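*Asks:* Encoded as structure tokens, here's the structure I'll be asking about.
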Amino acid sequence: MSENLHIIEHPLLKAKLTVLRDKNTNRQTFRRTLSEVAMLMTYDLTRNIPVKSIEVETPLEKTRGVELHKDVTLVPILRAGLGMIDGILELLPNARVGHIGVYRDKTTLLPVEYYLKLPDNVNETFVILVDPMLATGGSALAAIEILKKQGIKDLNFLCLVAAPEGVKAVHDRFPDVRIFAAALDRQLNDHGYILPGLGDAGDRLYGTE
Ligand code: PRP
Ligand code: URA
């Protein structure tokens, strides 16, 4: 669809996504699996993360190694994005975490913003916006607007399942945002749910269905 849409292909990821799609998966397994998926996807998303060369001394001699060039900031969109944070922190344990509260009005499907707390100088860090579901794109666009106003140029968006409608909405407005997903699903239904999707991610995580 677009050069900035990356569908991460891996058999383990596909198998875990299948568990998440299954309506019979219980809450405990859903939570654990979402976290595992987030970790696997982070490994791929950070393939080109900037690093700097440093010297390291092994027990035998000095050699060259690398460390991350910038701090990393994770920005989950509340609530469902929180379900991916622990998995990402397994690989990026020093990352800072900002929070953006946005929910989708059930009738209008329009995003409603209700919380914002970002670390200082977030624009100087490697930023990953996190939300498992990209449906109409309304929530992601609201969050991206906020982050762009902070002066963030390179923005990565980690989602799990994307709908073509959501990808188009984001890239029509912000073609430079790199979207990483485990699957590009078929379409939205009349209520804005992704088909085949996995249902309401926040409700499945927190038992509010
Ligand atoms: C879900 C999901 C996204 C949004 C996607 O959140 O986690 O944030 O819907 O839909 P969109 O692309 O059409 O905006 P929801 O609004 O259900 O809030 P929640 O995470 O608090 O359950
Ligand atoms: N939000 C979800 O959690 N699931 C969808 O399918 C669409 C929006």
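*Asks:* When residues of the range 12-32 are filtered for being assigned to a loop (DSSP other than H, G, I, E, B) and over 13 Å from residue 196 (Cβ atoms), how many remain? Quick ask: steps written out before the conclusion?
*Replies:* Quick first cut of the range 12-32, residues assigned to a loop (DSSP other than H, G, I, E, B) only: 22-26.
Filter once more, so that each one left must be over 13 Å from residue 196 (Cβ atoms): 24-26.
Looking only at that region, the number is 3.
*Asks:* Is at least one residue of the range 97-106 within 14 Å of ligand 2 (Cβ to nearest atom), closer than 26 Å to residue 183 by Cβ, open to solvent by 20 Å² or more (accessible area, probe 1.4 Å) and not in a loop (DSSP other than H, G, I, E, B)?
*Replies:* Of the range 97-106, the ones within 14 Å of ligand 2 (Cβ to nearest atom) are 102-106.
Subsequent filtering for residues that are closer than 26 Å to residue 183 by Cβ retains 102-106.
Adding the requirement that they be open to solvent by 20 Å² or more (accessible area, probe 1.4 Å) leaves 103-106.
This time we only want the ones that are not in a loop (DSSP other than H, G, I, E, B), so: 103-104.
Yes, there is a match, as at least one residue in the range 97-106 is within 14 Å of ligand 2 (Cβ to nearest atom), closer than 26 Å to residue 183 by Cβ, open to solvent by 20 Å² or more (accessible area, probe 1.4 Å) and not in a loop (DSSP other than H, G, I, E, B).
*Asks:* Follow-up. Of the conditions (1) of a type outside the set (Asp, Glu); (2) farther than 25 Å from residue 13 by Cβ; (3) free of Cβ contacts under 8 Å to residues at least 12 places away in the same chain, residue 189 satisfies every one except a single condition; which number is it?
*Replies:* The single condition residue 189 does not satisfy is (2).
*Asks:* So if I check each of 155, 188, 141, 184, which one is among the hydrophobic types (A, V, I, L, M, F, W, C), modelled with pLDDT of 95 or more and touching a Ser or Thr at 6+ places or on another chain (Cβ under 8 Å)? Give the derivation first.
*Replies:* Details: 155 fails: touching a Ser or Thr at 6+ places or on another chain (Cβ under 8 Å); 141 fails: touching a Ser or Thr at 6+ places or on another chain (Cβ under 8 Å); 184 fails: touching a Ser or Thr at 6+ places or on another chain (Cβ under 8 Å).
None of the others qualify; the one that does is 188.
*Asks:* While we're here: As an exercise: evaluate residue 64 against (1) outside any helix (DSSP H, G or I); (2) charged (D, E, K, R); (3) touching a helix residue (DSSP H, G or I) at 6+ places or on another chain (Cβ under 8 Å) and give the number of the one condition it does not meet.
*Replies:* Residue 64 satisfies every listed condition except (3).
*Asks:* Working only within the range 58-81, note down all residues that are away from ligand 2 (no atom under 13 Å from the Cβ) and under 19 Å from the mean Cα position of the chain (by Cα). Before the answer, list the steps.
*Replies:* Keep residues of the range 58-81 that are away from ligand 2 (no atom under 13 Å from the Cβ), which gives 58-76.
Passing the criteria: 70, 71, 72, 73, 74, 75, 76.
*Asks:* Let me ask something else about it. Which residue is nearest to ligand 2 (Cβ to nearest atom), if the candidates are limited to the range 43-55 and must be over 30 Å from residue 116 (Cα atoms) and touching an Asp or Glu at 6+ places or on another chain (Cβ under 9 Å)?
*Replies:* Filtering the range 43-55 for residues that are over 30 Å from residue 116 (Cα atoms) and touching an Asp or Glu at 6+ places or on another chain (Cβ under 9 Å), the one nearest to ligand 2 (Cβ to nearest atom) comes out as 52.
*Asks:* Kindly indicate whether any position in the range 136-148 is farther than 13 Å from residue 77 by Cβ and either away from ligand 1 (no atom under 12 Å from the Cβ) or open to solvent by 50 Å² or more (accessible area, probe 1.4 Å) (or both).
*Replies:* Initial filter on the range 136-148 (farther than 13 Å from residue 77 by Cβ): 136, 148.
Retained after the next criterion (residues that are either away from ligand 1 (no atom under 12 Å from the Cβ) or open to solvent by 50 Å² or more (accessible area, probe 1.4 Å) (or both)): 148.
Checked the range 136-148: at least one residue is farther than 13 Å from residue 77 by Cβ and either away from ligand 1 (no atom under 12 Å from the Cβ) or open to solvent by 50 Å² or more (accessible area, probe 1.4 Å) (or both).
*Asks:* Separate question: Can you report the number of residues in the range 184-199 which are loosely packed, with under 15 Cβ neighbours inside 10 Å and among the acidic types (Asp, Glu)? If you could, list the steps in order and put the result at the bottom.
*Replies:* Going through the range 184-199, the residues loosely packed, with under 15 Cβ neighbours inside 10 Å turn out to be 186-187, 189-191, 195-196.
With the extra rule that they be among the acidic types (Asp, Glu), the set shrinks to 190.
Adding up the residues that qualify gives 1.
*Asks:* Still on this structure, please answer the following. Would you confirm whether any residue within the range 67-76 is of a type in the set (Val, Ile, Thr), closer than 16 Å to residue 130 by Cβ and not in a strand (DSSP E or B)? Steps first, answer last, please.
*Replies:* Quick first cut of the range 67-76, residues of a type in the set (Val, Ile, Thr) only: 72-73, 75.
Narrowing the set further to residues that are closer than 16 Å to residue 130 by Cβ leaves 72-73, 75.
Next cut, not in a strand (DSSP E or B) only: none.
Within the range 67-76, none of the residues are of a type in the set (Val, Ile, Thr), closer than 16 Å to residue 130 by Cβ and not in a strand (DSSP E or B).
*Asks:* Which of the residues belonging to the range 107-135 are within 16 Å of ligand 1 (Cβ to nearest atom), closer than 23 Å to residue 182 by Cα and either among the β-branched types (Val, Ile, Thr) or assigned to a helix (DSSP H, G or I) (or both)?
*Replies:* 128, 130, listed by residue number.
The values are calculated or read from the model by the stated rules, or taken from the named source; none is laboratory data. Since the model is a prediction, treat every value here as computed from it, not as a measurement. Positions of Cβ are generated from backbone atoms using ideal geometry, with glycine treated the same way; all protein chains shown enter the neighbour counts. Side chains included, ligands, DNA and RNA excluded: accessible areas come from the protein's heavy atoms. Shrake-Rupley method; radii C 1.70, N 1.55, O 1.52, S 1.80 Å.
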